[in-house]
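Below is one structure, written out as structure tokens; comments come after it.
The values are calculated or read from the model by the stated rules, or taken from the named source; none is laboratory data. These figures come from a predicted structure and were not determined experimentally. Note that we place each Cβ from the backbone using ideal geometry, even for glycine, and neighbour counts take in every protein chain shown.
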Amino acid sequence: MAMNNPYAAYQQNAVTTASPGEVTLMLYNGCLKFIKLAGQAMEQKQIEVKNTNIQKAQKIITELMVTLNMDLEISKNMQVMYDYINYRLTEANVKNDLSILQEVEGLVVEFRDTWKQVIQLARAQQHAQGGQA
């Protein structure tokens, strides 16, 4: 099965050994991949492929939504943004509108890049605290 494929085994291992922050980063990157594939399919008039990839992107956004800690104010703001992204992905799918996909891609890139900075700052703080011990 998948374990006969070394790349699949590597990917599985990468996910199972990743920190929660790294998993979130992987989810953002996966979402971007599916948005790009949907855009390519849209340009090539491959409706089924477009639909499948938009749905995959929406599943990732839904996963990001359910993992939010709603005790934090920022999570409430993120919930609104994720709802908006899901809505726009549906619109892009129904209207076959590449510009909507590009808008959503821009938002997800911003979230991903911000999240990447958060991870880097957290690592820097960990190393700084580790050096003082």
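Quick rundown of the values:
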| quantity | calculated |
| --- | --- |
| Residue among A124, A38, A128 that is under 15 Å from the mean Cα position of the chain (by Cα), assigned to a helix (DSSP H, G or I) and small (G, A, S) | A38 |
| Residue among K59, K45 that alone is at pLDDT 95 or above, farther than 16 Å from E105 by Cβ and in a helix (DSSP H, G or I) | K59 |
| Which listed residue, of N93, N53, N77, is surrounded by fewer than 19 Cβ atoms within 10 Å (Cβ to Cβ), outside any loop (DSSP other than H, G, I, E, B) and not hydrophobic (A, V, I, L, M, F, W, C) | N77 |
| Any pair with Cβ under 9 angstrom, 6 or more apart, that starts in segment 76-90 at a residue that is within 15 Å of V66 (Cβ to Cβ) and ends at one that is β-branched (V, I, T) and in a helix (DSSP H, G or I) | Y82/I61; Y82/T62; D83/I61; I85/I61; I85/V104; I85/V108; N86/I61; N86/T62 |
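So that you can scan it fast, the table gives a plain yes or no per residue for (1) in contact with a Gly (Cβ under 6 Å, 6 or more places away or on another chain); (2) among the basic types (K, R); (3) closer than 20 Å to V23 by Cα:
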{"residue": "A57", "(1), (2), (3)": "no, no, yes"}
{"residue": "K76", "(1), (2), (3)": "no, yes, no"}
{"residue": "Y84", "(1), (2), (3)": "no, no, no"}
{"residue": "A122", "(1), (2), (3)": "no, no, yes"}
